[in-house]
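Take a look at the structure below.
The values are calculated or read from the model by the stated rules, or taken from the named source; none is laboratory data. As the structure is a prediction and not an experimental result, all values here were calculated from the model. Reconstructed Cβ throughout: ideal geometry from the backbone, glycine too, with neighbour counts over all protein chains shown. SASA here: full protein model, heavy atoms, side chains in, ligands and nucleic acids out. Shrake-Rupley method; radii C 1.70, N 1.55, O 1.52, S 1.80 Å.
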Amino acid sequence: MKNRLLHFTFQFGALFFIALVILFFALAKDAFFTFDNLMDILKAISIVAFVAIGVTISLMVDGFDLSVGATVSLSTVVTATLMVWYQMPLIVVLVVPLLVGVVIGLINAFLIVKIRIPDLLATLAVMYIVNGVHKTYTKGYSIYSNMPMQDGSTAPGVMLKPFLWIGQGKLLGVPFPVILMVIAVICAHLFFKYTRWGRQAIMTGGNEEAARLSGLRVKKVRTLAYVASAVFASIGGVLYTARIGSGQIDAGAPMLMESVAAVFVGYSVFAAGRPNIIGTFFGAVLMGVMVNGLTMMNVQYYTNDIIKGIVLVLALAVTFIHLTRKKT
Amino acid sequence: MKNRLLHFTFQFGALFFIALVILFFALAKDAFFTFDNLMDILKAISIVAFVAIGVTISLMVDGFDLSVGATVSLSTVVTATLMVWYQMPLIVVLVVPLLVGVVIGLINAFLIVKIRIPDLLATLAVMYIVNGVHKTYTKGYSIYSNMPMQDGSTAPGVMLKPFLWIGQGKLLGVPFPVILMVIAVICAHLFFKYTRWGRQAIMTGGNEEAARLSGLRVKKVRTLAYVASAVFASIGGVLYTARIGSGQIDAGAPMLMESVAAVFVGYSVFAAGRPNIIGTFFGAVLMGVMVNGLTMMNVQYYTNDIIKGIVLVLALAVTFIHLTRKKT
Amino acid sequence: ACGKKEENNAAASSPAASAASSASASASGASDADALKGKKIALIMRFNTGTFSAQYVDGVKKQVAKYGGEVTVMASDNDLNKMSANLDSAVAQKFDGILLDHGDAGALTAGVNKALEAKIPVVAFDSGLNGIEGVTNLAQDDQKMAEMTLGELAKQTGAKGNIVKVWVAGFPPMESRQISYKKFLEQNPNIKEVAAFGDASNPQLDTQNKMEAVLKQYPNKGDIAAVFASWDEFAKGAANAIKQAGRDDIKIYGIDLSDEDLKMIQDPTSPWVASAAVDPTSIGTVQVRYLYQKLHGDQTEATVQLAPVFVTRDMLPKDKAVTTADLAQYVEGWGQSDAGNTDYLKALEAAAGK
Amino acid sequence: MEGIAKAFAGVPALKGVDFTLRGGEIHALLGANGAGKSTLMKILSGAYESDEGTIAIDGEPIALRSPADAKRAGIHCVYQEVDTSLVPHLTVGENIMLDKLASSSGSGWIRWKSVHQEAGRVLARIGLELSTKKLVRELTLAEKQLVLIARLLSENAKFVILDEPTAPLSLEEAETLFRIMEGLKRDGIGVVFISHRLPEVFRICDQITVMRDGTRVWTKKASESDTHDVVRAMLGRSFEEEYPKLEAAVGETVLSVRDLAAGTRVRGVNLDVRAGEVVAVVGLVGAGKTELSRLLFGADKAERGSVSISGRPADLRSPASAIASGFALVPEERRKEGILVRESVLHNLSLPILKSISRLGVLSGASERKHGSGTVDALGIKAAGLGQLTAYLSGGNQQKVAIGKWTSTDARVFLFDEPTKGVDVGAKSDIFRIIGRLAQAGKGVLYLTCEFAEALGLADRILVMCDGVIVKEFNRGEATQESLLYYASAGKEEVS
Ligand SMILES: Nc1ncnc2c1ncn2[C@@H]1O[C@H](COP(=O)(O)OP(=O)(O)OP(=O)(O)O)[C@@H](O)[C@H]1O
Ligand SMILES: Nc1ncnc2c1ncn2[C@@H]1O[C@H](COP(=O)(O)OP(=O)(O)OP(=O)(O)O)[C@@H](O)[C@H]1O
Ligand SMILES: [Mg+2]
Ligand SMILES: [Mg+2]
């Protein structure tokens, strides 16, 4: 009985903790627990959630993709320039950044799978390169509708309305990016839980050698995982552009740490102790709730980080104290 | 014979590569290969080198300290405020930041060794906390001599001359921070190569359980490694303050990635394929040479990152293509 | 303020109808003051690093405090997505007024419209929100600032020689400054840019290191005439490098000015001799005043240009340290901006001060 | 298989080996540690690619470039290193069905219910009672081995390779395995069986191939050969499998354990070991031997009980303090616990004695090397050099390194947990000799094993452990295999 209870605390400890944080803010501030505000929170995390899903996938195959932030940046400016500089139709604007993601994923995979550079090292190098590429491409400028070009002329294009709707519109009262995020989370979760390819990725991450000996083409699996990671980051970049209505240089730089934090909090959810999609989603929610709630409480902005860090530690401690107890 | 040659290329490939980069810049720009400029390069990397030594140590015990950047920031502002706000004597100004480092290291170690939160997760959380602390402490202001205080008065202290000399002075024509760095690199290298404790750290990193069953106090070793990592970062922070003559908020934020890049390039040096002090030093040198050389060549600032990334990839590829060949 | 006045004709739907001041705008000072006390104001910032930023926040806070209100600062870590989320959240929390610091139209338009619908007045600083009716935009004239400091550069160098530019794109004010810079180069064919760099993520140390490399490349006196630092964080780094190298032939002309910068400009050994700037504290002050005008129900200008002031070392006293607070004694036009002040606001200040 | 050759980093492991397997036969592949058995089988199962040579099935040449190719050809393998083929954080069920899940054909959707049902059926076939929902990382080594065998049975194999499957298994479990192998044979499946336990080889195998130093020595019918033949072929010299018992003077009690307990695995153990005495603790798998050794060594925390060495209470708060008190442990899972595989032989050997080879903390390279080469010579460790990574040593030599690192310490009590698992007969008798010498040097030796024959041959006293307690004590010569088995399996009733 006691053991059951313990197991329960442990399994749902982190979720309970998130609920507690939400409850706290709801009691402290009336404006917090309103439909609109909760939607605002979800909308705010939607971009990070996409990037974090990508990071989760790379971690699932026991890799680590440090280049996601740079990929977000590149995809952001590519999306914006396609509209502003080249006046491309919507479909091109949506597809090309994903192709860019595929290319970055393949480069990462090539370095890691073929050249066998350890992932942290390889993706760090790619991070530098992609950061350089996106800045060189725009010469360091942000991209916005009818921006003045360097030759003195004015860029012909504007940010397309339907494109901006992707980031700012609502469907049945729910912000569209939130809908996209929820769909992505559910699909990714089902994929990794119930499809063979998803399990193959998890096997590869759990023990690459065992997976290989079971006849799995682990190189292919890892390659695809890196491509998926980069493509999710690209989607994050497209959403970012649609959300803010311009292409910002270095927009993705803060995304890396934020998404990693979400993924890590996700380790605690359901006491998985491992990267998992649902956990990542709740991790992103927790971070979003914290930022929103703390601002409402009028906590000095510079103390936000302290509280965020402490909450992170607590969430992690709940899980890992237990995971450890269980083992020994 | 052929094998020997291959082995040689491999072992010294990365060093050769660095030499090549230096040669290239030397041929391209007369001013590059002068004593003064080389000293400038070493001076420029001295701070990153200290931080990177810390990161190397945490990686040696199979950990990863993401909090070093935040530690640099905190130590920077602590150093500056001790002089400017509190007019402390030099010795206090030098010792207190190191104690701060010790405390951060102990917190990291507590979370990792006691609570058993995986290192990336724990140090990420600590990174947030420490970043919040240093901003809260200074309320977001930079710290400089006789700064106006928020209550309208003027801070009583100034940056001490002998303190600034640490970052800006020269000894026998060599910048003092360079001397410090060289001493630190040599000592750390000797420590890990020739002392019992250094060996214990490396063995703990190799396989913690086997090391524990061989009688090593692995918890102590890992704790000390995290403390060392944070203390090196603190020294980096102190040097930072001495170099720029003021305490800047968030000064350390870019240090994390830069030092990690140096450490990773270091994996290639002598084909170690693992963290090592000398490698880290050369990694930092390579990065410093690139920044300096590219600035001299007046390369567009936004392409710097691309070149840096490509050089990183090449340096890593040299090693890991070979390491892999060797194994199979 | 030399801003152009634009009559705001959206009287009916104007934020003037804010709940707190539904009384007519010509009501007596005392009751006005009561109605305007205790307001909750949100300040949403794109980034908040550096002394300049800190002083700006200070200006806002102090002014709101003078009016008996309370400020919540929402920082966005240079992430526009976070900034627009913060704006959403400020609207959701029904703040009485919203101040924006930087950002851009694309990211903020939707949120600002939401705020206006909710009858929350918005005053923006350097956010490029000119297209939205009902928002007062403060802007510091970045092109003018660059012109001023570059003009001084030309004057002191005799309009010839090699110069170094420290600049980075990606931020609207920077991009405006670049426009003036380009013009300047065209107009002064004898001035040649020999090096250009800049990194916003690590401005000071990176500039210091790179400047050292450039100095080594041009080791002789006279090789470099001057440095144009488009941001004070860059100027600090460049100043350190030049000063430590003992190259007193090179002068730095900067933009922006904080207390920290002022000390460096005053230092006779420092190469940094001039900077163009708007007083960060008074930006905050003026911005708050306009917000309170709106709260009071007044119609305010759509655009308020904050005139920059040019400060050179020669203007400053040699014998005492000057801060931005008392700089006005030495530099005309600095920090004295009475822009946006009204009688009832003065009354409010007096009333809330008690 | 014909003319198979394979070299690692220029060092040949196989030099042109021929090997033939027929359907419906159990073919034993024997050889000393490092002979190349596993390497040959890894080539056959696609885990390695051969440098030279051809493989043909039913006369058709076939290219085996990956494990997937081999599986398509019906070749399935249970690898020697159990942990390399399991995914620890997944369930038993998923691990059993791993090959199916990894295949690229069939439906993309997984029905978890049927996965667990099917896995449960196979487990029932091998008589293992285990929830298919349990995580593999919580299993014992034996259970892991059985999971791998279950995986094999879930496939439609034409050829089956079992690389030392019996090493971690108890006698009973091994019997079950033999029954399964007989079944496979009846179904016309060809089975390769690798083992260092010669008696079982002769019991169940039809053909025997012996390898030495990367070459095939001969292939014979099992019925036409005997242990002597095989051992001579393996080692290149005549050799009597024996347990060389070195006589040692028995002295004072060095280790005394009273009522030691922790959890359900060790429930109050009392025992004494005297100087110069080899005491064996025998028991079936799961009896709690490993747990006992870990408690004594401070690797796990005891709940109650007292332990003293030479009359002084031992400090068992950590392995480090246990070592200071005079313990040394050669753990069961050598690759994970005994040695650091990514480190050199030299660094492994010097690990516990870093203090004594350093002055003021500075290591003396000369004395480290002297100690290293001394130990390598004394124990007959076969390595390319002191700088070789232990990962590339054969199993027996790895085990010698795991023992060798303790021989220069001043430990008074040596704990050996199954030190002969996966070790060839030559190395095994080396290890026994080492243990004998330790006893002669006045050390107390506690030898934990499930190999009754070893205990009978080696020990001065035998303690039978069952379900966490010592149920019976025999002096040398008193016990037989049967009586040990009786107490080890039925002892429980006698106690309670
Ligand atoms: N991955 C590898 N890299 C380098 N050398 C290896 C590798 N694998 C095996 N070897 C070497 O190849 C030789 C044959 O090893 P193998 O594992 O086939 O022996 P084995 O007959 O299975 O021995 P055991 O009975 O101990 O399992 C040994 O000398 C071993 O050191
Ligand atoms: N709570 C537990 N959960 C999972 N495994 C456990 C637990 N407790 C002990 N074990 C493992 O069970 C195994 C069996 O116990 P133990 O090793 O003590 O018996 P043994 O007689 O040594 O068996 P073997 O012959 O397999 O070594 C040990 O390897 C131990 O790691
Ligand atoms: Mg083998
Ligand atoms: Mg055991």
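Taking amide H atoms as placed 1.01 Å from N in the peptide plane, list the residues 5 or more away in sequence, or in a different chain, whose amide H sits under 5 Å from that of A:M149.
For A:M149, whose amide H was placed from the backbone, the distant partners under 5 Å are A:T154, A:A155.
Once whole DSSP H runs in chain B are found, which of them have Cα atoms spread over 27 Å or more along the helix axis and a mean Kyte-Doolittle score of at least 0.0?
B:2-28, B:35-60, B:90-109, B:119-138, B:218-244, B:277-296, B:304-327
Could you order the peptides C:85-91, D:47-53 from most to least packed, using the average number of other C-beta atoms within 10 Å per residue?
Result, highest mean Cβ count within 10 Å first: C:85-91, D:47-53.
If you project the alpha carbons of the stretch D:2-235 onto their three principal axes, what span does each projection cover, largest first, in Å?
50, 37, 33
Among C:V123, C:A146, C:V91, flag the residue with its Cα farthest along the positive direction of the charge dipole of the stretch C:81-148, charges on Cβ as +1 for Lys/Arg and -1 for Asp/Glu.
C:V91
Within the protein assembly as shown, what whole-number % of the accessible surface is contributed by carbon and sulfur, with the 1.4 Å probe and all protein chains included in the calculation?
So the carbon and sulfur contribution to the accessible surface is 58 percent.
For the stretch C:101-165 and the stretch B:205-234, what is the centre-to-centre distance using only Cα atoms, to the nearest Å?
When both Cα centres are located, 52 Å separates them.
Tell me, what is a quarter of the convex hull surface for the C-alpha atoms of the stretch B:91-163, in nm² with one decimal?
The directionally averaged projection comes out at 6.2 nm².
List the residues, sorted by chain then number, that are 5 or more residues from D:C466 or on another chain and whose placed amide H is less than 5 Å from its amide H.
The answer is D:V471.
Please get the size of the charge dipole for the stretch A:11-327, origin at its Cα centre, with Cβ charges of +1 on Lys and Arg and -1 on Asp and Glu, quoted in debye to the nearest 20.
Using Cβ point charges on Lys, Arg, Asp and Glu, the stretch A:11-327 gives about 920 debye.
Report, in cubic angstrom per residue, the convex hull volume of the C-alpha atoms of chain C.
With only Cα atoms used, chain C gives 125 Å³ per residue.
Using only the alpha-carbon atoms, what does the protein assembly as shown span along each of its principal axes? Please give whole angstrom values in decreasing order.
So the three principal-axis extents are 114, 74, 66 Å.
Any chance you could list P(r) for the stretch A:89-238, counting all Cα-Cα pairs in 5 angstrom bins from zero, rounded to whole %?
2, 8, 12, 16, 17, 15, 12, 9, 6, 3, 1, 0, 0
Please list the radius of gyration and Dmax for the stretch B:11-327, considering alpha-carbon atoms only, with Å as the unit.
Cα only, the stretch B:11-327: 20.0, 67 Å (Rg, Dmax).
Starting from the 7 Å offset along Cα-to-Cβ, what nm value, one decimal, do you get for the label separation of D:A366 and A:L27?
About 7.2 nm, to one decimal.
Would you mind getting the accessible area per residue of the stretch D:253-488, heavy atoms of the protein chains only, 1.4 Å probe, in Å²?
Result: 35 Å² per residue.
Just the accessible area for B:R212, please: 1.4 Å probe, Å², rounded to the nearest 10?
About 50 Å², ignoring ligands and nucleic acids.
If you take the accessible area of A alone, add that of C alone, and subtract the area of the pair, what total do you get in Å², probe 1.4 Å, to the nearest 100?
In total, chains A and C hide about 2500 Å² from solvent.
Can you list the lysines whose alpha carbon sits under 18 Å from that of C:K320, skipping same-chain ones fewer than 8 residues off?
Excluding near neighbours in sequence, the set is C:K263.
Using only the Cα atoms of the stretch D:430-477, what are the Rg and Dmax in Å?
11.4, 33
If you place +1 on the Cβ of every Lys and Arg and -1 on the Cβ of every Asp and Glu, how big does the dipole about the Cα centre of the protein assembly as shown come out, in debye to the nearest 20?
Roughly 2000 debye for the protein assembly as shown.
Once you have the alpha carbon radius of gyration of chain D, what is it after dividing by 2.2 N^0.38 Å, with N set to its residue count?
In units of the globular-protein estimate, chain D measures up at 0.99.
Ordering A:F176, D:F19 by how much accessible area each has at a 1.4 Å probe, largest first, what is the list?
A:F176, D:F19
Could you work out the pair-distance distribution P(r) of the stretch D:253-488 from its alpha-carbon pairs, with 10 angstrom bin width and percents rounded to whole numbers?
Taking all Cα pairs of the stretch D:253-488, the binned fractions are 8, 33, 37, 18, 4, 0 percent.
Kindly state, as a whole number, the per residue volume in cubic angstrom of the convex hull around the alpha carbon atoms of the stretch A:242-292.
Output value, Cα hull per residue: 86 Å³.
What fraction of the DSSP beta bridges in the stretch D:253-488 is antiparallel, stated in percent and rounded to the nearest 5?
Here the antiparallel bridges make up roughly 55 percent for the stretch D:253-488.
Taking the 0 to 90 degree range and rounding to the nearest ten, how far is the long axis of helix D:171-186 tilted relative to the main principal axis of chain D, both from C-alpha atoms?
With both axes taken from Cα atoms, the answer is about 10 degrees.
So, by mean Cβ neighbours within 10 angstrom, what's the order for B:124-131, C:172-179, D:462-469, B:154-161 with the highest one leading?
In descending order of packing, they fall as B:124-131, D:462-469, C:172-179, B:154-161.
What total accessible area, in Å², is buried where chains B and A meet, using a 1.4 Å probe and rounding to the nearest 100?
Counting protein atoms only, the buried area is about 3800 Å².
What value in Å³ per residue do you get for the convex hull of the alpha-carbon atoms in the stretch C:254-354?
Here the figure is 106 Å³ per residue.
Which number gives the lysine pairs in chain B that have C-alpha atoms under 26 Å apart and are eight or more places apart or on different chains?
18
What are the aspartates and glutamates whose alpha-carbon lies under 18 Å from the alpha-carbon of D:K221, with same-chain residues fewer than 8 places away excluded?
List returned: D:D18, D:E25, D:E182, D:E200, D:D206, D:D229.
Would you mind putting A:44-55, D:353-364 in packing order, based on average other-beta-carbon counts within 10 Å, highest first?
My ranking of the peptides, most packed first, is A:44-55, D:353-364.
Evaluate peptide C:69-78: per residue, the Cβ atoms of other protein chains within 10 Å of its Cβ; return the mean as an integer.
Whole-number average of other-chain Cβ neighbours for C:69-78 is 5.
Taking every DSSP beta bridge that has both residues in the protein assembly as shown, what percent is antiparallel when rounded to the nearest 5?
For the protein assembly as shown, the DSSP antiparallel bridge percentage is about 40.
Please figure out what share of the DSSP beta bridges in the stretch D:138-296 is antiparallel and state it in percent, rounded to the nearest 5.
Taking every DSSP beta bridge with both residues in the stretch D:138-296, the antiparallel ones total about 70 percent.
Nearest 20 debye, what's the magnitude of the dipole of the stretch B:156-248 about its Cα centre given +1 on Lys and Arg Cβ and -1 on Asp and Glu Cβ?
220
Keeping every protein chain present and rolling a 1.4 Å probe, give me the accessible area per residue for the stretch D:2-235 in Å².
Accessible area per residue, the stretch D:2-235: 41 Å².
At 222 nm, what helix-only mean residue ellipticity would chain A give, in deg cm²/dmol to the nearest 500, using -39500 (n - 2.57) for each DSSP H run of four or more?
My calculation for chain A gives -25500 deg cm²/dmol from helical runs alone.
Quick one: P(r) of the stretch D:305-364 from all Cα-Cα pairs, 5 Å bins, percents rounded to integers, in order of increasing distance.
4, 15, 18, 20, 19, 14, 7, 2, 0
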